[in-house]
Amino acid sequence: MSTEQTPEAPAARPGRLTAAAALSALEGLALVAGGLFMLVMGLTGKPDRPTQAETGGVTLMVLGLIPLIAARGLLRRRRWSRGPAMITQIMALPVAWMFLNSDGAPWIPAGIALAAVAVSGLVLLVNPATTEALGIRGPMRDA
């Protein structure tokens, strides 16, 4: 018998963590696509204020990088990635509320979808399996 210890295989990534990463990536891609649309419309269309459309488009694209980077971190089980992912979900809730209170018919389904994604993402990110997979300890567990 050998006394050598075999290295433990890393535990499988929980499905909840993968789902949280997927939702975060979906939001990031939506922000980048919306920003790209605004930028193209600002450059080629006839907006009232082209500079505002272009600046808004670039801003949305840059903001879209935050959930995309967080999604990559979640897939790699990086502890830091939960914070940006949660902030993205929390910031999506007022946007969903604004969509739900709008007068336009296409915005209400968008608000419902965004609220569902944001709440689902938050639930997945605070799930005990997710926090354990990321190595996040709760209060009073440092001992």
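Name the pairs: first residue in segment 28-45 and of a type in the set (F, W, Y), second residue open to solvent by less than 40 Å² (accessible area, probe 1.4 Å) and assigned to a helix (DSSP H, G or I), Cβ to Cβ under 9 Å, at least 6 apart or on different chains?
From residues that are of a type in the set (F, W, Y), the pairs are F37/G57.
Can you run down the residue pairs with Cβ atoms below 7 Å, 6 or more apart or on separate chains, where the first is in segment 115-126 and free of Cβ contacts under 8 Å to residues at least 24 places away in the same chain and the partner is open to solvent by 50 Å² or more (accessible area, probe 1.4 Å) and in a helix (DSSP H, G or I)?
As it stands, the answer is A115/L93, since those pairs meet every condition given.
Looking at L93, L114 in this structure, which one is on the phi < 0 side of the Ramachandran plot and modelled with pLDDT of 95 or more?
From the options L93, L114, the qualifying one is L93.
Could you list, in sequence order, the residues of segment 46-74 that are out of contact with any helix residue (DSSP H, G or I) (no Cβ under 9 Å at 6 or more places or on another chain) and in contact (Cβ under 8 Å) with a residue 24 or more places away in the chain?
The answer is none; no residue qualifies.
Of the conditions (1) touching a helix residue (DSSP H, G or I) at 6+ places or on another chain (Cβ under 8 Å); (2) at pLDDT 95 or above, A129 fails just one. Which one is it?
Just one mismatch for A129, condition (2).
Say we look at segment 37-50 and pick out the residues that are farther than 25 Å from A25 by Cα and touching a Gly at 6+ places or on another chain (Cβ under 8 Å); which of these is modelled with the highest pLDDT?
G42
Within segment 9-21, restricting attention to residues that are in contact with a Leu (Cβ under 9 Å, 6 or more places away or on another chain) and either farther than 30 Å from N127 by Cα or assigned to a helix (DSSP H, G or I) (or both), which residue is most open to solvent (accessible area, probe 1.4 Å)?
R16
The values are calculated or read from the model by the stated rules, or taken from the named source; none is laboratory data. Given the structure is predicted, the values throughout are model-derived calculations rather than measurements. Please note: Cβ atoms are built from the backbone with ideal geometry, for glycine as well, and neighbour counts cover all protein chains shown. The protein model used for the area step is the full one, side chains on, heavy atoms only, and it has no ligands, DNA or RNA in it. Shrake-Rupley method; radii C 1.70, N 1.55, O 1.52, S 1.80 Å.
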